[in-house]
1. Is it the case, given these coordinates, that ASP142 is over 19 Å from LEU189 (Cβ atoms) and outside any strand (DSSP E or B)?
2. Given the condition modelled with pLDDT of 65 or more and surrounded by fewer than 12 Cβ atoms within 10 Å (Cβ to Cβ), answer yes or no: does some residue in region 41-49 qualify?
3. Filter region 98-128 down to residues that are within 12 Å of the chain's Cα centre (by Cα) and either in a strand (DSSP E or B) or free of Cβ contacts under 8 Å to residues at least 24 places away in the same chain (or both) and give me whichever is nearest to MET146 (Cα to Cα).
4. SER120: on the phi < 0 side of the Ramachandran plot, in contact with a strand residue (DSSP E or B) (Cβ under 8 Å, 6 or more places away or on another chain) and modelled with pLDDT under 95, yes or no?
5. Within the set of pairs 6+ apart or on separate chains, which have a first residue in region 69-81 that is without any contact (Cβ under 8 Å) to a residue 24 or more places away in the chain and crowded, with 18+ Cβ neighbours inside 10 Å, a second that is among the small types (Gly, Ala, Ser) and assigned to a loop (DSSP other than H, G, I, E, B), and C-beta atoms under 9 Å apart?
6. Take LYS37 and tell me if it is at pLDDT 55 or above and either part of a loop (DSSP other than H, G, I, E, B) or within 12 Å of VAL139 (Cα to Cα) (or both).
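The values are calculated or read from the model by the stated rules, or taken from the named source; none is laboratory data. Owing to the predicted nature of the structure, the values given are computational and were not obtained by experimental measurement. Please note: Cβ atoms are built from the backbone with ideal geometry, for glycine as well, and neighbour counts cover all protein chains shown.
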Amino acid sequence: MTKVFVLFSFLLVFACSRPSHADCVHEGETTPCGTHKASSHPSDGQSSVMVAKGRTPAERDQRDSDGVVRRGMNIPVNVKAMSVDNAVAQAKELDGKSVLLEGVVSKVCARKGCWWTMRSTKDPSKTIRITANDYAFFVPKDAVSMKARAMGVLKAKFLDRKTAQHLLEDGLKKHERKNAGQAKAGVELRLTATAIEMQAPHKS
């Protein structure tokens with residue numbers, strides 16, 4: 001009886017000590033920000049070496065010594081990148097396929113860096129939301145306007161109004177959220193990334 005009580009006490013303490021990430025769980029996704037499962041197998045031709053930076057929200061601002069933000073696997077040198085414009089235009093054909101996108105960071109999750117959006121360099125209204133596969137990495141809060149590449153699987157995802165509102169507020173600073181306005185339900189393009197690179201544009 002004593003052994004059972006001790007075991008129960010241990011399990012209760014363990015459960016209560018686990019951190020809560022409920023503020024960043026998106027509808028339809030069971031893994032909260034700040035945690036990640038074992039990484040899935042990389043795409044064909046992709047290095048299996050994981051970049052050991054930005055693995056938690058507390059490490060989101062980490063960069064390599066050359067100033068480049070690298071997350072996930074290494075991006076293969078022999079894969080040609082596709083623009084956001086082309087990905088949007090070919091969304092139906094590319095649905096469920098692995099692609100390498102390039103564009104500019106237009107918005108970042110202000111809470112923890114668990115998602116960001118990439119916009120077209122020609123048409124800012126064309127964007128794709130990027131999330132890390134299995135929440136394996138997080139991106140800097142000052143990444144907006146950086147040039148970026150992201151490799152992963154592209155999918156069209158329906159967002160109900162509640163989820164859209166949550167994501168809208170996620171992209172704002174705390175003092176800005178009360179004036180966020182009302183988001184609408186709709187379909188967005190989303191890339192579940194296994195590898196990303198970001199770097200500040202070169203100054204002329």
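1. yes
2. no
3. VAL105
4. Criteria met by SER120.
5. Close Cβ pairs (under 9 Å, with a partner that is among the small types (Gly, Ala, Ser) and assigned to a loop (DSSP other than H, G, I, E, B)) do not exist here.
6. no
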